[in-house]
Amino acid sequence: HIMATANATSFLGGIAENYHSNLILGGTEISVVEADEFDRSFLQLSPNIACVTSMDADHLDSYESPDALADSFIAFSEKVSGTLIVAKGLPLKGLTYAIDASADYRAFNLRIESGSCIFDAQTPTSKIENISFELPGRHNIMNALAAIAMADVYGISLENIKKCLGTFKGVARRFSYKIKTENFVLIDDYAHHPTAINAVENAVREMYPEREVLVVFQPHLFSRTRDFIDDFALALNKFDAILLLDIYPAREIPIPGVDSNWLLSKIKNPHKKLTQKKNLLKDINNFSGKVVVMLGAGDIGALVDEVSNELLKAMNHEV
């Protein structure tokens, strides 16, 4: 969104709400690409400027071990011809960014005002005050800070950077409000890794600290569920109530013993249940709280539209 002011062409991993597309066509001089480590595909790139936001273990079906995953990130960093920007704490050499910690790019003075996140940012040479950003959660502030760093290194003015952050509407299925009223909130998010689930839970608590929160989670991949079973259980356990759908297999065949019942057994919170798609609406209606979060990378993305439509119909009927 920021680089669109420089006539960049961008290819994204999700649908940008400002453009209703994952492809933003601009000129031919600058390309912005969102890539990840799955299948080592990011090693096909040779960027001038790059940012590594995380090196969390994931896509272990594509790697022999976490060490092999880390080695691929090191190999990627060596392909950057210009400036590498990294989240502080990652074992890579480059400009760093962080929240409330010493770094080349630093966000601080975070607060929520009128439903938006407001923060200040320090760059190596200047300071931006009162940045307004619609997306909640520290993970989204970190993403905004990464964008500030990349745009600043490229040469976009801090004034334009601040303006663009204030108009950015986010990406579909990234903390997307499907219903947002005083009495009920339904949020849709692509989170399918324990770290991402924790980030969403933290963001929900920031926005709705006094409300009970129900999570509906569809695990994605048998191998990922197996590899992170305990971390998934710990992340989901933080919600007030949990509904689990069956594992979405995607490209995999079932692994014996790896299913949502196993994950359910690992969750200590007693307010938990394994549900089916046909029963989901009823189970959500049985929840007494007013905030529901639907998470996963499978076909839950289509299911959330069905659920939100039915809930809205019921609300309109009540009125």
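The values are calculated or read from the model by the stated rules, or taken from the named source; none is laboratory data. Quick caveat, the model's predicted, so the values are computed rather than measured. Because the Cβ atoms are built from the backbone with ideal geometry, glycine has one as well, and the counts that use them run over all protein chains shown.
Tabulated results
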item: Residue in region 21-37 that is closer than 30 Å to P249 by Cα, in a loop (DSSP other than H, G, I, E, B), under 21 Å from the mean Cα position of the chain (by Cα) and not acidic (D, E) present; result: yes
item: Meets criteria (farther than 27 Å from F42 by Cα and crowded, with 17+ Cβ neighbours inside 10 Å) for A121; result: yes
item: Criterion violated by L312 - all others in (1) farther than 18 Å from E182 by Cα; (2) in a helix (DSSP H, G or I) satisfied; result: (1)
item: Tabulated pairs, region 84-107, first under 15 Å from K127 (Cβ atoms), second part of a loop (DSSP other than H, G, I, E, B) and among the hydroxyl-bearing types (S, T, Y), C-beta under 8 angstrom, 6+ apart or interchain; result: D104/T123; Y105/T123
item: Test: residue in region 210-218 that is closer than 23 Å to A172 by Cβ, out of contact with any Gly (no Cβ under 7 Å at 6 or more places or on another chain), of a type outside the set (A, V, I, L, M) and surrounded by fewer than 17 Cβ atoms within 10 Å (Cβ to Cβ); result: no
item: Residues of region 60-89 satisfying the condition of being assigned to a loop (DSSP other than H, G, I, E, B), surrounded by 19 or more Cβ atoms within 10 Å (Cβ to Cβ) and of a type outside the set (A, V, I, L, M); result: Y63
item: Tally of residues being out of contact with any helix residue (DSSP H, G or I) (no Cβ under 7 Å at 6 or more places or on another chain) and not in a strand (DSSP E or B) across region 206-220; result: 7
item: Positions within region 155-176 being hydroxyl-bearing (S, T, Y) and surrounded by fewer than 18 Cβ atoms within 10 Å (Cβ to Cβ), in sequence order; result: S157, T167
item: Residues being assigned to a loop (DSSP other than H, G, I, E, B), of a type in the set (S, T, Y) and within 22 Å of the chain's Cα centre (by Cα) - total across region 150-168; result: 0
item: So S31, is it surrounded by fewer than 15 Cβ atoms within 10 Å (Cβ to Cβ), modelled with pLDDT of 95 or more and under 25 Å from S157 (Cα atoms); result: no
item: Residue list for region 68-122, filter: touching a strand residue (DSSP E or B) at 6+ places or on another chain (Cβ under 7 Å) and among the small types (G, A, S); result: S77, G82, A87, G94, A98, A103, A107, S116, A121
item: Enumeration of residues in region 169-183 that are touching a residue at least 24 places away in the same chain (Cβ under 8 Å), over 15 Å from the mean Cα position of the chain (by Cα) and part of a loop (DSSP other than H, G, I, E, B); result: T181, N183
item: Long-range neighbours under 6 Å by Cβ, at least six apart or interchain, first residue surrounded by 11 or more Cβ atoms within 10 Å (Cβ to Cβ) within region 249-266, second charged (D, E, K, R) and part of a loop (DSSP other than H, G, I, E, B); result: S260/D246
item: Contacts under 9 angstrom Cβ, first residue in region 28-50 being without any contact (Cβ under 8 Å) to a residue 60 or more places away in the chain and closer than 14 Å to S72 by Cβ, partner surrounded by fewer than 12 Cβ atoms within 10 Å (Cβ to Cβ) and of a type in the set (S, T, N, Q), 6 or more apart; result: A35/S41; A35/Q44
item: Members of region 98-113 found to be touching a Ser or Thr at 6+ places or on another chain (Cβ under 9 Å) and either among the basic types (K, R) or under 18 Å from F168 (Cβ atoms) (or both), listed by number; result: Y105, R106, E113
item: Test: residue in region 134-147 that is closer than 25 Å to I197 by Cα, without any contact (Cβ under 8 Å) to a residue 40 or more places away in the chain, touching a strand residue (DSSP E or B) at 6+ places or on another chain (Cβ under 6 Å) and assigned to a loop (DSSP other than H, G, I, E, B); result: yes
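Residue-by-condition table, conditions (1) part of a helix (DSSP H, G or I); (2) buried (at least 16 other Cβ atoms within 10 Å of the Cβ); (3) in contact with a Ser or Thr (Cβ under 8 Å, 6 or more places away or on another chain); (4) of a type in the set (K, R):
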residue	(1), (2), (3), (4)
A199	yes, yes, no, no
V204	yes, yes, no, no
F232	yes, yes, yes, no
K268	no, no, no, yes
I284	yes, yes, no, no
M294	no, yes, no, no
